[in-house]
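Colleague: My questions will all concern the structure given below.
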């Protein structure tokens, strides 16, 4: 696999049963790359290890006064140099290719899994985990994958050199062969503690960054009302905690560094002491002594890979575990009875649970006193509701009955068909980043042009604002930042509405589509949507009189069932509970209105006078109830 | 391998302009000098311990050289003397080793301490500067740019400060001492290592001209892969509802393609650099051995000197690697530093301490204002708000309501005309003084990470718990707040106890009670809430408003209905002005809307 061939046309089906199995699966998929990397690594390390021989040979040649052998030593070193350079470069290229292909594969798998989970993701804790895997864990997995073949090459080299030394100079070689494993393993016991301290430092640093970005995010509040010093002090404390944790961690790592100097040094002293005596007795030559000495010096280099692989594995195991967990998530949308094989149905949209009926081709408004219930109703109206976590197949005995479109149960249609038939725009639609053209380029019927949709959703001022930010004055090319954060709440809502209108589904369900829009604009949107959706089925969940007034019919849901059906103006007069929800009466006024009858309806008093009566204890309990409802 | 050209698409290229300035090179240099001055002692200490460690590390090769010389010279005759020499040498070697180990530990530790101290200074400095920014700059620039500086740029600098600066100073001192050691051991040999210098210089110049920007693009490309996925996760419902799953997968794959293209390019850069560095090492070793060998044969230096030199030449691998490893990190850091230091270039808005309001009258007089040259958003707006009255601003989106509100809150200064509070010009007043009189309340009800107590006390530093409870009670928030596990110590904000939007808004209101400004500008304060939750909140709000002057940017008509005076803003001008009944009677734009809304 070459980097230039990425992304994979198909990243494959991962073995996500456990972390180690997932690592193994990744490794099996790049076996060729690992072997290549191992081969180049062997060339590199053995050439590096061969260098001392060249140096020793040269010194011996000089001691012996032989110019020709000195030249031969030079030629040997040049040869080794070429091997080192080739091996080093190619080892790096192959190892990095291994990590990039592994990382790309995991990212692709995550993207596919995320798209398949869709709405189910937001209901689960997994949302944070997917992001954590993508931002942090992929790198750690990649690190292990990359280090693996380097380690294997280094380990083989160390063994080869020890064997070589024993053969080349048995007396000294044995000393080195005994010393090497000690050097390789000496710092391993310290590593867990060092990595724990490093983790602790990272945690503190994360906390400080969080505090800083939180302070900056709320900076307008701080500058508007005060408290800068309070937050600066807090940040300074966090920042100093990071510093202390980092120094504490550095103490451990510096101890490891010292040991890494001390132990090879001791081996070196033993080699020198023993070697010089052997040389003095004439049992080995000067050149051999220099060779052994530089071999010990240079072997430090492959030895470092022992520590690296230990660390890489300890870091990547939990990461692989998490990746495997995320990749094993599934969304089951198939009902117990199997799926229907049908086209996109048409007709009335009916919810047996509440009795809400939206006649085909008409604009129906649904008023729900309880905002939570409204959200659930909207979710259900699309079929395959995400709120019913589909990780386990629904038990048909207790399952809510499916919403019907033209008599066909949506839950029994394939997910994609159900979504094509009914588009539910939830209360918090997300604007995906990209240009406005890209935003409005969604799967659609093709019969509503983006400019028509933008006009109906009253987006003129959004277009003006975007044109200013655009590089070429064309608002369609302006970039919308993530979640549309650069736009106001009302602007975001109107763009989301335009996107839903472009889609032009058989049935469109809108949950509070204009809650952040001012009254002037809301009135125009109501008219625009009505005109554009003429002849199509549209459901609006709202309590805004401006929208209700323009609906073909209004359905009032109370206590989970349809309580009244009719036109807005009639319902306001005839149904006090309806009036309580859609007009801005306070509860006290509702009570008054109920006592005096429908004709006693008042339009609300000044909020100042309300405040004066608002100290009664009744209000506290009222708010408590409300919080429970919205939590 | 053939050359790889840099990919055409650069993920690091800015998609939006910097909304805040970036520091000029001179500013950055001045800042670096200041940083050095502040940490001179620690820096010199690091260089000191490093010198000892390096000198100790050269003892081994030096002693071995001497011993080799002995063995090469000595034959059996000086056996006893050689033994003594050997033991002394081994003793020295062991001593040097212990010194080296101790000082290497100190180098690592001192390096980390210096780096961490510099980093802590830098990030604290930056936040101090950030919280001192004038409110007008924040409104206009938004907090996005600032946020990316405090996360991304501080992160990049963390690497540089923590590792690159100490490691580079270590590497430079180390290499210089080794070369010095070589020159002392065998002076005639010192020029031999110069042979490798041109190769190193040429290779590095080629590499470092391309590397920093390529690595920046590569990092941005990688971040974009994760960002695309995070967005898909975040937008799960929307993605499913609009059937965007396949497009998101294709998008992720496109990002992978863009990122790996940069990986491929940087890999090519390193494929050139690595052989150069390897060649340099081998060249140094080769020239020392061959030229030195010839010198020994000629009798200009002895075998011991040659051995020491060869061993030192091999030791050069480490410091050179260190320098190359961290040098480009420093270049990347420079860019980030410029972005951080840039915030220092913004003039803190000092204001005039002698400007004090006399009274509570808010007055706008013939105000013209625009965000861009030549385009006025407000034209000839005159308005008087008497103390204790409620003014509602209504009108379509983009008419200039919010802008007018911000001018009345003293956040922006009018281009021409005046906005005064009690006869004093708001824009010339100190921000701290303005906010003790006027507060702007917007949709942003930010709950800070931290205790509930901190979240409230920011409005009145040093407030007693009883005052905080009273403020919570005033906005009907004490019931749920008392229900929290740790009361005022409960951790709230992201990662802590989750509050509902309504509760967050109540906290914002409680802050207002504590800060107690006499005039409030409300900008669609409750508009993002669920209509039903908003209704309960309005009760809390109305108590906060009691007795204060209020300018409400009205979003819902009932707010306007309750106001004493309503101003209909259209196209940057005030079209209608009067009480609800006046305007309904006048049968203009407001009346039409009211009828439609009220049914």
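Every number here is computed from the coordinates shown, using simple stated rules; none is lab data. None of the values given here were measured: they were computed from a predicted structure. Heads up, the Cβs are rebuilt from the backbone with ideal geometry, glycines too, and the neighbour counts pull from every protein chain shown.
Colleague: When N counts the residues of the range B:93-140, how does its alpha-carbon radius of gyration compare numerically with 2.2 N^0.38 Å, as a ratio?
Modeller: On the way: Rg = 20.8 Å, N = 48, 2.2 N^0.38 = 9.6 Å.
Compactness ratio reported: 2.17.
Colleague: At 222 nm, what value in deg cm²/dmol follows for chain B if DSSP H runs of at least 4 each add -39500 (n - 2.57) and the sum is divided by all its residues, to the nearest 500?
Modeller: Numbers: 22 runs with 367 residues, N = 599.
It comes out at -20500 deg cm²/dmol, rounded to the nearest 500.
Colleague: A further question on this structure: Express in whole angstrom the spacing between the alpha-carbon centres of the range A:524-571 and the range A:51-66.
Modeller: Comparing the Cα centres of the range A:524-571 and the range A:51-66, I get a distance of 96 Å.
Colleague: Follow-up. Bin by bin, in steps of 10 Å, what percent of the Cα pairs in the range B:25-345 do you find, going until the bin that has the longest distance?
Modeller: In whole percents, the pair-distance histogram is 5, 18, 22, 22, 15, 9, 5, 2, 1, 0.
Colleague: Apply the Debye scattering formula to the range A:179-218, with a single equal point scatterer on each alpha-carbon and no solvent, then give log10 I(q)/I(0) at q = 0.29 Å⁻¹.
Modeller: -0.87
Colleague: Once the convex hull of the C-alpha atoms of the range B:358-481 is built, how many Å³ does it hold per residue, rounded to a whole number? Can you show the working numbers first?
Modeller: Details: hull volume 19.6 nm³, N = 124.
Convex hull volume per residue, Cα atoms: 158 Å³.
Colleague: What whole number of Å gives the distance from the Cα centroid of the range A:282-332 to the Cα centroid of the range A:350-382?
Modeller: The range A:350-382 and the range A:282-332 have Cα centres spaced 61 Å from each other.
Colleague: Give me the log10 of I(q) over I(0) for the range B:362-598 at q = 0.10, 0.12, 0.13 Å⁻¹, as the Debye formula computes it from C-alpha points; what are the numbers?
Modeller: -0.50, -0.70, -0.81
Colleague: Roughly how tilted is helix A:31-63, in degrees to the nearest 10 and between 0 and 90, from the longest Cα axis of chain A?
Modeller: On a 0 to 90 degree scale, this one is about 30.
Colleague: Looking at chain A, what % of its DSSP beta bridges pair antiparallel, to the nearest 5?
Modeller: Values: 14 of 32 bridges.
In chain A, DSSP labels about 45 percent of beta bridges as antiparallel.
Colleague: Another question about this same structure. Before rounding to the nearest 500, sum -39500 (n - 2.57) across all DSSP H runs of length at least 4 in chain A and divide by the residue total; then give [θ] at 222 nm in deg cm²/dmol. Don't jump to the answer; show the numbers that get you there.
Modeller: Details: 24 runs with 401 residues, N = 631.
Here the helix-only value at 222 nm equals -21000 deg cm²/dmol.
Colleague: Per q in 0.20 Å⁻¹, report the Debye log10 I(q)/I(0) for the range B:252-342, using one uniform scatterer on each alpha carbon and no solvent.
Modeller: -1.00
Colleague: Another question, then. Over chain B, calculate the relative contact order: mean separation of alpha carbon pairs under 8 Å at least 6 apart, over the residue count, as a percent.
Modeller: Details: 831 pairs, mean separation 94.2, N = 599.
Once divided by the residue count of chain B, the mean separation gives 16 percent.
Colleague: Can you tell me, using C-alpha contacts under 8 Å and at least 6 residues apart, the relative contact order of chain A as a whole percent?
Modeller: Value for chain A: 14 percent.
Colleague: Eigenvalues of the Cα gyration tensor times 5, then square-rooted: what semi-axes does that give for the range A:128-279, in whole angstrom, largest first?
Modeller: They are 50, 20, 9 Å, listed largest first.
Colleague: By how many degrees, 0 to 90 and rounded to 10, does the Cα axis of helix A:67-117 deviate from the longest principal axis of chain A?
Modeller: Approximately 20 degrees, to the nearest 10.
Colleague: Something else now. Can you give the Rg/Rh ratio of the range A:181-255, where Rg is from the C-alpha atoms and Rh is the Kirkwood radius? Intermediate values should be presented prior to the final figure.
Modeller: Details: Rg = 17.9 Å, Rh = 14.3 Å.
Radius of gyration relative to Kirkwood radius: 1.25.
Colleague: So how tilted is helix A:371-381 from the main axis of chain A? Cα-based, degrees 0 to 90, rounded to 10.
Modeller: Relative to chain A, helix A:371-381 is tipped by roughly 80 degrees.
Colleague: In 10 Å bins starting at zero, report the fraction of Cα pairs in the range B:121-237 per bin as a rounded %.
Modeller: Taking all Cα pairs of the range B:121-237, the binned fractions are 10, 21, 26, 21, 13, 7, 3, 0 percent.
Colleague: Let me ask something additional. Note the per residue figure in Å³ for the convex hull of the C-alpha positions in the protein assembly as shown. Don't skip to the end; give the middle numbers.
Modeller: Values: hull volume 225.2 nm³, N = 1230.
It comes to 183 Å³ per residue, whole-number rounded.
Colleague: What number do you get for the range A:259-345 when its Cα radius of gyration is normalised by 2.2 N^0.38 Å, N = residues? Write down the numbers at each step before the final one.
Modeller: Numbers: Rg = 30.4 Å, N = 87, 2.2 N^0.38 = 12.0 Å.
My calculation over the Cα atoms of the range A:259-345 gives 2.53.
Colleague: Run the paramagnetic zone check for residue A:400: 7 angstrom along Cα to Cβ, then residues of the range A:535-568 with backbone nitrogen under 19 Å.
Modeller: A:539-543, A:555-564
Colleague: Only bridges whose two residues both fall in the protein assembly as shown count here: according to DSSP, what percent of them are antiparallel, nearest 5? Show your work: numbers first, answer last.
Modeller: Values: 34 of 70 bridges.
If we restrict to bridges inside the protein assembly as shown, about 50 percent are antiparallel.
Colleague: How high is the relative contact order of the range B:362-598, in percent, with contacts defined as C-alpha pairs under 8 Å that are six or more residues apart?
Modeller: Working: 430 pairs, mean separation 64.3, N = 237.
27 percent.
Colleague: Something else about it: Give me B:323, A:178, B:150 sorted ascending by neighbouring Cβ count inside 10 Å, so fewest comes first. Walk me through the intermediate numbers first.
Modeller: Details: B:323 17, A:178 12, B:150 23.
Taking fewest neighbouring Cβ atoms as first place, the list is A:178, B:323, B:150.
Colleague: Could you tell me the largest-minus-smallest coordinate of the C-alpha atoms of chain B on each of the three principal axes, in descending order and whole angstroms?
Modeller: Here the Cα extents, ordered largest to smallest, are 125, 56, 47 Å.
Colleague: Averaging the inverse of every distinct alpha carbon separation and then flipping it gives the Kirkwood radius. What is it for the range A:1-125, in angstrom units?
Modeller: Numbers: mean 1/r = 0.0554 Å⁻¹.
Taking the inverse mean of 1/r over all distinct Cα pairs, the range A:1-125 comes out at 18.1 Å.
Colleague: Once you have all Cα-Cα distances for the range A:223-285, histogram them in 5 Å bins from zero and send the whole-percent values.
Modeller: 4, 14, 10, 9, 8, 7, 7, 6, 6, 5, 5, 4, 4, 3, 3, 2, 1, 0
Colleague: Beyond 41 Å, how much of the Cα-Cα pair distribution for chain A remains, as a whole percent? Walk me through the numbers on the way to the answer.
Modeller: On the way: 101955 of 198765 pairs.
So the pairs more than 41 Å apart make up 51 percent of the total in chain A.
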